[in-house]
Amino acid sequence: METPLAGVRVLETGDTIALAYAGRLLADLGAEVVTVEEGTGSPLRALGPFAGGVPDTERSASFAYFHAGKHSVRHTTADTLALAARSDVLLRSTRDGHESIADADVARLRAEDPGLVVVDVSSFGRIGTGSGPHGSDDLLALAAAGLLSVNSTSLTEPDPDPLRYRGELSAVHAACGAVIAVLGALFERRRSGRGQRIDVSQQAAVASVLATAVSRYAYTGQLPVRQGNRSVGPWGFYELRDGRMLMQITRDEEFRRFLHLLGDPDWGEIELFHTTAGRDENADVLDVFVREALAEFTLTEFLDLAHTHRIPACPIHGARDILEWDHLAARSSLPPVEFGAAPGETVPVPGRPWRFGGAVPPARGPAPALGSSEANALWSTPADRPEPTADDGPVPAPLAGVRVVDLTVVWAGPFSAMQLAHLGADVLKVETSTRLETTRGLGPYADEIVGRDRSGYFNQNNQGKRSVALNLKTERGRELLHDLIATADVVIDNMSSGALGRMGFPFERLVEINPRIVAVSMTGFGESGPYSDHTAYGSLIDALVGTATSNGSVRGGPTDLVMSLPDPMAGITTAIATLGALYRARATGEPVRVETAMFEACLAAFPWPVLFAGATGGEVPVIGNRDEARSPHGTFRCRGEDAWVALSVADDAAFAALSDVIGEPGLADDPRFATLAARRLHEDALEGIVSAWTAGRTPTEAAEALQAKGIGAEAVLTVGEVHAHPVLAARGFLPELTHSVIGPRRLPSVPWVTDRSPMAPRSAAPALGEHTREVLAEVLGLSEEQLDELERAGVTV
């Protein structure tokens, strides 16, 4: 069951990573994807890294990964329009905002084919941003989304710089959002025969995944601190006798096990360290004891003991370490892809970030040579789809009538199930007061009043769901769960590997209960392989998949990242796999087992360590906020406290304009800066010149002066400024939803806007058990007397 989208035709027109990754995910679900290349081809062909380290546009590992198994055609207006007219989904996204298929042509195509789905991805979207052009620039989207105001080059240095993520975080999250919306549109087209337009904002995609940064501001009015505020610990990089490792202790029981591992030292009896809050308030004192104790261990000794004692800790992998990791070999996580122009020559790349039916995903086809397919030989017949029905009433949400039993906790799992709620599914979150869902016990709390229904962390990631309180330690609680699963279309959990089976619900039993079930299991490291039983927190995934070592100050790293984001990437990737499986299950009536692993989702979205090691045998160059294709490119300090502007100079013409704006017109002719290659070679000097100009201006003054001359620039916004951003307001990104306990609040919603199907939060997150009686009566037909008895017996608590 690897091809739920078999027969779906997708046309990529553009040159961005957002476009390439959206097409990658759709191709991995079985769609037939054609990428249209202009001129010398996709920028990924020139980006590398190149096989053997020798530049060759047909041996680019990044192109091979993002485009393996697709068709490549050269752009001509006639051919591209003809392909668009025969496609199911048209994807558009360009760096400069100038599309190969113009808006007028899109309007004509949609009029001729009402079933066509059209998706646009850009930095800020097309709503509230004027007539364009609507380009795509990762750094500018990160600045406007607030990430650069909270993520920095160091947790400890007194004056750190803002830090982007290598690999275009805004682009890959926007791509995932685009695919979610496309899948929603395909469900709707199956119902009505009608397509729709989808507009995706990279700014909104990032603002929707900033952990508790936005909810903290919405709930308390407080801005997050650039260097973070770790409320749990010990947590960080630690030096051992022969290397460095990462440890993240989150819960009190983990800390007690850690002390036992150390031989129960006397300092562990200090009362200040007995609670999470106490360890947080006295982290500087605790850190001295912890570092002294850990310095006695070798890396292998400590990590073996940590695994035995169930302490979350891991090595910090470089790119080569990832290729040599036995866990990846055991799971076949890095399959080779062949270069289409060099038959027999391959490069290892991340595989599909999901597994259906427990099977290793099949190999992808080769990366296409430039223009290796003829447009007139592809899709010779019109796309096959239902005839459009009459529009004679409100359009239902794509997943209206779908029921989901949500057994997930913390961040990745709830975030995944929430995407299904956004598309209209009835998501039943099963939880209990006898063991509170972790994030209900974590802040920020509304109005700084602690309470299980007041957590911004929980409420951000559980919008649109209904809460059913079931004590699954009781036999009757498990019977009720059984009965809910029997009525559901999807059951999703992110317990440890095999935990749902140990509760009495292995996949075979789930199919007995419900022969059409889509059963989704999310784990950190998958359900097989030597690392499958290890604890997975986001920061550990960052360390293991190379994110920590590939990010940091120029020529620096590894970096203990403030904003660790594997959870939402795993969550949205799982939602994509779930929707694909459900799309097929709805057509066949057959059950589907879906498995995802957080580390594989992150390898897929941020493949650069694998690509560099696989193609060149080397590590990823750490370049801070710089960029291989643009210079200058980074954040520059402005007048004011912690004030910055992001600058992204696209080409030589933009650099000439920059030189004029900053009062240095001769720079454009200076041999050190006259070309991109020269500017990259002398970036230290160039950045010093630009910084001297920005230092005398506020971020807004600098950005406006640069934008007026067509230069890519954005003020680095605080989360408070993001919350009030007029473009996000125009998109309805922060809807006011009324929570049953804390009243109306505005939290982030979705990065897409559609012109047909409702695909956005319908309600605030639920209070604990808010819908228990309603659901058990409505879905299972229980009487008031039966419901009262369940409460008295401690089952529905």
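What follows draws every value from the coordinates through simple rules; no lab data is involved. In this text, all values refer to a predicted model and were calculated from it rather than measured experimentally. No Cβ is skipped: glycine too gets one built from the backbone with ideal geometry, and neighbour counts run over all protein chains shown.
Distance from the alpha carbon centroid of the range 586-604 to that of the range 220-266 works out to 32 angstrom. For His71, the residues whose amide H sits under 5 Å from its own are Val33, Val34, Thr35, ignoring neighbours fewer than 5 places away on the same chain, with H placed 1.01 Å from N. Among (i) -0.34, -0.84; (ii) -0.25, -0.66; (iii) -0.67, -0.92, find the value of log10 I(q)/I(0) by the Debye sum over Cα atoms at q = 0.05, 0.08 Å⁻¹ that was calculated from the structure presented, and write down its label. Label (ii) holds the value from this structure.
Electrostatic bookkeeping for Ile198 treats Lys and Arg as +1 and Asp and Glu as -1; over the other residues with beta carbon under 14 Å from its beta carbon, the sum is +3. log10 I(q)/I(0), Debye, Cα-only the range 125-179, no solvent, q = 0.17, 0.18, 0.21 Å⁻¹? Evaluating at q = 0.17, 0.18, 0.21 Å⁻¹ gives log10 I(q)/I(0) of -0.64, -0.70, -0.86. Rounded to 0.05, the FRET efficiency of the Ala692 and Arg190 pair, given R0 = 51 Å and the Cβ-Cβ distance, is 0.30.
A crude spin-label estimate for the pair Arg586 and Asp242, with each label 7 Å from Cα along the Cβ direction, gives 5.5 nm.
Sketch the reach of a paramagnetic label on Asp280 as a point 7 Å from Cα along Cα-to-Cβ, and name the residues of the range 235-271 whose backbone nitrogen lies under 17 Å away. Output list for this probe position: 235-236, 248-255.
Starting with the fewest neighbours, write out Leu782, Leu658 ranked by other beta-carbon atoms found within 10 Å of each beta-carbon.
Leu782, Leu658
Normalising by residue count, the range 1-90 has a Cα convex hull of 81 Å³ per residue. From its DSSP helices (H runs of at least four residues, each -39,500 (n - 2.57)), the chain gives a residue-normalised ellipticity at 222 nm of -10500 deg cm²/dmol.
What whole-number value in cubic angstrom gives the convex hull volume per residue for the C-alpha atoms of the range 607-646?
Values: hull volume 3.3 nm³, N = 40.
Given the Cα convex hull of the range 607-646, per-residue volume reads 83 Å³.
I'd like to know how the range 251-311 sits against the 2.2 N^0.38 Å rule of thumb: what's its Cα Rg over that expected value?
Details: Rg = 11.4 Å, N = 61, 2.2 N^0.38 = 10.5 Å.
Computed over Cα atoms of the range 251-311, the ratio equals 1.09.
Legend: calculated FRET efficiency, Thr3 to Ala329, from the Cβ-Cβ distance at R0 = 35 Å, rounded to 0.05, equals 0.85. When each of the peptides 88-94, 553-559 is scored by the mean number of other C-beta atoms lying within 10 Å of its residues, the order from highest to lowest reads 88-94, 553-559. Sorted largest first, the spans of the alpha carbon positions of the range 310-422 along the three principal axes are 59, 52, 23 Å.
Full extension of the segment from Ala341 to Met503, taken as 0.36 nm per residue of separation minus the current Cα-Cα distance, would add 53.2 nm. Free of any GluC sites (Glu not before Pro) that DSSP assigns to a loop and that have at most 12 other C-beta atoms within 10 Å, the longest stretch within the chain is 1-295.
Legend: calculated FRET efficiency, Glu701 to Glu641, from the Cβ-Cβ distance at R0 = 22 Å, rounded to 0.05, equals 0.90.
A compact globular protein would have a Cα radius of gyration near 2.2 N^0.38 Å; the ratio found for the range 633-718 is 1.00. Taking 7 Å along the Cα-to-C-beta vector as the label spot, tell me the Arg291-Ala383 distance in nanometres, rounded to one decimal. Label-label distance for Arg291 and Ala383, simple model: 5.8 nm.
Express the relative contact order of the chain as a whole percentage, based on alpha carbon pairs under 8 Å and six or more residues apart in sequence. Walk me through the numbers on the way to the answer.
On the way: 1781 pairs, mean separation 141.3, N = 797.
Normalised by residue count, the contact order of the chain is 18 percent.
Listed peptides 65-74, 688-697 appear in the order 65-74, 688-697 once ranked by packing, highest mean of other Cβ atoms within 10 Å at the front.
What net charge is computed for the residues neighbouring Leu109, neighbours being all others with C-beta under 13 Å from the C-beta of Leu109, Lys and Arg scored +1, Asp and Glu -1?
Here the count lands on -1.
When both the range 756-775 and the range 1-32 are represented by their alpha-carbon centers, they are found 31 Å apart. The distance linking the range 352-426 with the range 691-718 is 40 Å (Cα centroid to Cα centroid, whole angstrom). For the range 225-288, the pair-distance distribution built from all alpha carbon pairs, in bins 10 Å wide starting at 0, is 20, 55, 23, 2 percent. In the neighborhood of Val402, defined by Cβ-to-Cβ distances under 10 Å, what is the net charge if each Lys or Arg adds +1 and each Asp or Glu adds -1? Net of charged neighbours comes to 0. Label-to-label distance, Val511 versus Ala104, with points set 7 angstrom from Cα along the beta-carbon direction: 5.6 nm. For the peptides 535-544, 386-395, the ranking by packing is 535-544, 386-395, with the highest mean count of neighbouring Cβ atoms within 10 Å listed first.
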